[in-house]
Every structure is written in structure tokens, then in C-alpha cells.
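**Q** Dropping a structure here in C-alpha cells format, bear with me for questions.
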Amino acid sequence: MSIAIEQPLPDIASYKSLENEQLSDRIERVREAMGAELLILGHHYQQDEVIDHSDLRGDSYQLSQMAAENTDCKYIVFCGVHFMAETADILANRPEVLDQRGYRVSVTLPDMSAGCSMADMAGIEQVENCWADLDEIVDTHDITPVTYINSAASLKAFVGKHNGIVCTSSNAPAVLEWAFKRTSRVLFFPDQHLGRNTSLKMGITNDQMPVWDPYQLEMGGNTDAAIERSKVILWKGHCSVHQMFQAEHVEMFRKKHPGINVMVHPECPREVNDIADVSGSTGKIIEVIKNAEAGSKWAIGTELHLVNRLKKENPHLDIHFLSPVVCMCATMYRIDLAHLCWSLENLANGTQVNTIRVDDETAEWSLVALERMLSVK
Ligand code: 13P
Ligand code: SF4
């Protein structure tokens, strides 16, 4: 790779004072110099300025597939959040491709503070304590633990070890079906809304879905009878972005724009999902909009950057954001051009910064759960 970069490289603070145009030019210079060795992945919730520089973009499921399928690159720079970069590290460096390729793919998260508040709502010790408590009441061999991909690698490893599986918002129904072929109960974490909305569609009733609060000392705040009756035990976690959408927003849009179609992400609360016309993952939302009839009206309840991009890319549709308040993923937003440029110039310079590396044992067990996820369509 041949690229002349200022030596020594300045720290991130000085990148922040640069104009976007200048940062964009410098990012493109690195991309050109590194060629196929470098793969920039971008989640659909990223801001446009960042998405413009990504080689591939997708939702959580698609990005996992991309990381698993790519066998050429040496470096992945992940414009998403921490758990996504961990997943990319595990999938891109699974033993069979590592042996074939002979080197590790390094994964960079341009800003280490780009976490996910939902993923942080379930810690490994809390989940282990929950499992031990449940074992006092019901047989845990008859429970499949299911973790949403929005979780730390340690939780994915936990489900891998306990015959469980990872799900994303796009395959959650198929994953629950997979689980119920094996056991009569499921422990679903960390997002109660995705777990509840998906289970309700399968005919599981609210009284069969107790909510496990990790901060309650006794049985997650449940009676023994509630646990005995349960089909799906829901972890008390949520996405702070999607939780903002309310049923009254749906009513307000329907009143103001008769004939409008309401489409929401399954991380939104049940009250919103129940009355929406369409509920679907990020991938499904994009697909539905792609195929929408010209002139049709849509109110979409998901992350702001994605809705604004859909609006811009589909001027033949009348698209609205389903909330009077701003609901954007503040942690994803931390990945900006300054951090992207800083991490790329460091890579080009031979100094890797913000490397995401999951330890071998955690990676091994997480992979078990992730491969199950990828096998379930
Ligand atoms: P998907 O990309 O699976 O739709 O998930 C949405 C999300 O909240 C990502 O963090
Ligand atoms: Fe996490 Fe919600 Fe942001 Fe997705 S949108 S990364 S679930 S906080």
C-alpha cells in the first residue's frame, strides 16, 4: 500500500477540527490505496456521510452474513456498534477460514464508545444468576436460551454452551420455532419487545411471558407459579430508540394523513406493533419501501437516519417519521467521519487502533450459537 500520511499521526482531537470534505477525501485516498484488503461495513442506521464510504451496508443479519462470507479482506472497519464488530471478528476468523487463509482479519470499531444501551442491559453474571434461579423451579434442560444479536459476545457464548441460539430481528420467528422444536420454554434476552412481539404472533399469550427483572432479588420479580406457567421468559431490556414510538403517534398520523401505512420495527413496544400495518426488521422495512406503490403514504417507526435516507431515496413516496420527537441511535452516531478517517489512516500507517478481538474461548462458543442462527432462515 503506498500512501503518504503526515508523520507522526495526530490524535483524534485534531481530526475533529477538519471539514467533512477534507475528511472524505482522505478516507477515499486510504480506500484506494488499500484496495480489496480493506472492507468497510456500514449498518443502515449510520449517518449518510459515513454510509457513503462503506463498501457494503446492511442490517444486523446481513452484516453478519457479509463478515462470514468475505474471504479476501485483511481488515474490516465496522461502522456500527460494539456487538456488531465483535460478531464480525468471530465470523470472519472462524477456524476453517482462518486455516485456509493463514492470517487473522483485524476488525476495527472507529469509536470504542459506540456501544448499544440495550446490549448493556444484560450482563453475563446476571444471566448466569437468572439461569441458576430458574433451575430451582423448572428444568433448565427444557429451556432454550435465545439471545438477540444485540448482546455481548459473552452472552452469545452462554447460549452456545447451553444449546441455545442467536437471533436477529429478521429471523426471530424462525429462531423461536427452532427453539420450540427442542424445548418447551425459551429464555429470551435482552430485548423484551422483540421477544414479546414475535411470541404473540406465534399464539403465545401474555400470561405465558413473565418479565425477568435482573435487579429484583427474588426470581426476577416473579412468582414461582408464573415461571412454571411460562413459555417465554422475557428479559427486562429495551432499545431506547424504538421504545420512544407510542400508540398515540400511530393514531395521530392516521388522523392527519388518512390512508397512511404504518410500518414499525419489532423493537417497538407491543402497543405500537399491535396496531401497525407492517412490523418488520430493518431489512424488511427497506424491502417494503422498495416495492411500495408510487404516491403511497408511509409513517415509519425506526431509527431516524434510516427513515431520512428512505425519504431521500424515494421521492415518489410520501414518507414520514413516526414520532414528533427525534429518535436516533446516539451511540451509532458516534461513528463520524473524523473517527473513520483517524482509524483508516492509522491502519494504512501500520498502526491498528480500536481493534475488536474476542478471546478464543468466548469466540468458540459464540460461533456455535451464531452458526445456528445463520442456518435458520
Ligand atoms: P436490525 O439491523 O436487525 O434490524 O436491528 C436493528 C437494531 O437496532 C440494530 O442495532
Ligand atoms: Fe442498540 Fe437501539 Fe442503537 Fe440498535 S438502535 S444499536 S438496539 S440502542
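**Q** Could you please state, rounded to a whole Å, how far the C-alpha centre of region 165-225 is from the C-alpha centre of region 229-301?
**A** Measuring centre to centre over Cα atoms gives 20 Å.
**Q** When the dipole is taken about the Cα centre of the chain, and only Lys, Arg (+1) and Asp, Glu (-1) are charged at their Cβ, what size is it in debye, to the nearest 20?
**A** Values: 33 positive and 53 negative charges, 204 e Å.
Charge dipole, the chain, about its Cα centre: 980 debye, nearest 20.
**Q** Please compute the net charge surrounding residue 367, taking Lys and Arg as +1 and Asp and Glu as -1 over other residues with Cβ under 12 Å from its Cβ.
**A** Spelling it out: positives minus negatives among the neighbours equals -3.
**Q** For the chain, just list the percent of Cα-Cα distances falling in each 20 Å bin from zero outward, please.
**A** 28, 55, 17, 0
**Q** Which three numbers, in whole Å and largest first, are the semi-axes of the equivalent ellipsoid of region 297-356 derived from its Cα gyration tensor as √(5λ)?
**A** Details: eigenvalues 233, 36, 10 Å².
After scaling each eigenvalue by five and taking roots: 34, 13, 7 Å.
**Q** Oh, and also: Kindly provide the trypsin sites (Lys or Arg not before Pro) of region 79-162 that DSSP labels as loop, not H, G, I, E or B, and whose Cβ sees at most 14 other Cβ atoms within 10 Å. Please list the in-between numbers first.
**A** Details: sites: 101, 104, 156, 161; in loops: 104.
Passing sites in region 79-162 are 104.
**Q** Taking all protein chains in place and a 1.4 Å probe, what share, in percent, of the accessible surface of the chain do carbon and sulfur account for?
**A** On the way: 7680 of 15950 Å².
That fraction is 48 percent.
**Q** Which percentage, to the nearest 5, of the DSSP beta bridges contained in the chain is antiparallel?
**A** On the way: 1 of 35 bridges.
So the antiparallel bridges in the chain amount to around 5 percent.
**Q** Output the pairs from 297/377; 201/284; 161/181; 201/377; 201/231; 256/297 with a Cα-Cα distance over 21 Å in this structure; if there are none, say none.
**A** Cα-Cα > 21 Å for 297/377; rest within.
**Q** When the chain is modelled as a GNM with alpha-carbon springs shorter than 10 Å, which of 316, 249, 53 fluctuates the most?
**A** 316
**Q** Ok, one more. Ranked highest first by the average count of other Cβ atoms within 10 Å around their residues, in what order do 265-272, 78-85, 291-298 fall? Walk me through the intermediate numbers first.
**A** Working: 265-272: 23.1, 78-85: 26.8, 291-298: 13.4.
For the peptides 265-272, 78-85, 291-298, the packing ranking is 78-85, 265-272, 291-298.
**Q** Output needed for region 29-133: three equivalent-ellipsoid semi-axes, defined as square roots of 5 times the C-alpha gyration tensor eigenvalues, in descending order, whole Å.
**A** Values: eigenvalues 143, 71, 22 Å².
Gyration-tensor ellipsoid for region 29-133: 27, 19, 11 Å.
**Q** Another question, then. Contour minus end-to-end for residue 137 and residue 375, with contour as 0.36 nm per residue of separation and end-to-end as the Cα-Cα distance?
**A** Numbers: separation 238, 0.36 × 238 = 85.68 nm, distance 3.18 nm.
Gain on stretching residue 137 to residue 375: 82.5 nm.
**Q** Using C-alpha positions alone, give me the convex hull volume of region 106-239 per residue in cubic angstrom. Walk me through the numbers on the way to the answer.
**A** Working: hull volume 14.9 nm³, N = 134.
For region 106-239, the hull spanned by Cα atoms encloses 111 Å³ per residue.
**Q** Something else about it: Take peptides 28-36, 301-309 and line them up by average Cβ neighbours within 10 Å, highest first, as a rough protection proxy. Please report the intermediate quantities before stating the final value.
**A** Values: 28-36: 15.4, 301-309: 23.0.
Packing order, densest peptide first, comes out as 301-309, 28-36.
**Q** So, by mean Cβ neighbours within 10 angstrom, what's the order for 182-189, 133-140, 144-151 with the highest one leading? Don't skip to the answer; put the middle values down first.
**A** Values: 182-189: 21.6, 133-140: 15.2, 144-151: 27.5.
Ranked by mean Cβ neighbours within 10 Å, highest first: 144-151, 182-189, 133-140.
**Q** Using a 10 angstrom cutoff on alpha carbons, build the Gaussian network for the chain and name the most mobile of 90, 143, 12.
**A** 12
The values are calculated or read from the model by the stated rules, or taken from the named source; none is laboratory data. These figures come from a predicted structure and were not determined experimentally. A quick note on method: Cβ atoms are made from the backbone with ideal geometry, for glycine too, and the neighbour counts reach across all protein chains shown. The area values use the complete protein model at the heavy-atom level, side chains included, leaving out ligands, DNA and RNA. Shrake-Rupley method; radii C 1.70, N 1.55, O 1.52, S 1.80 Å.
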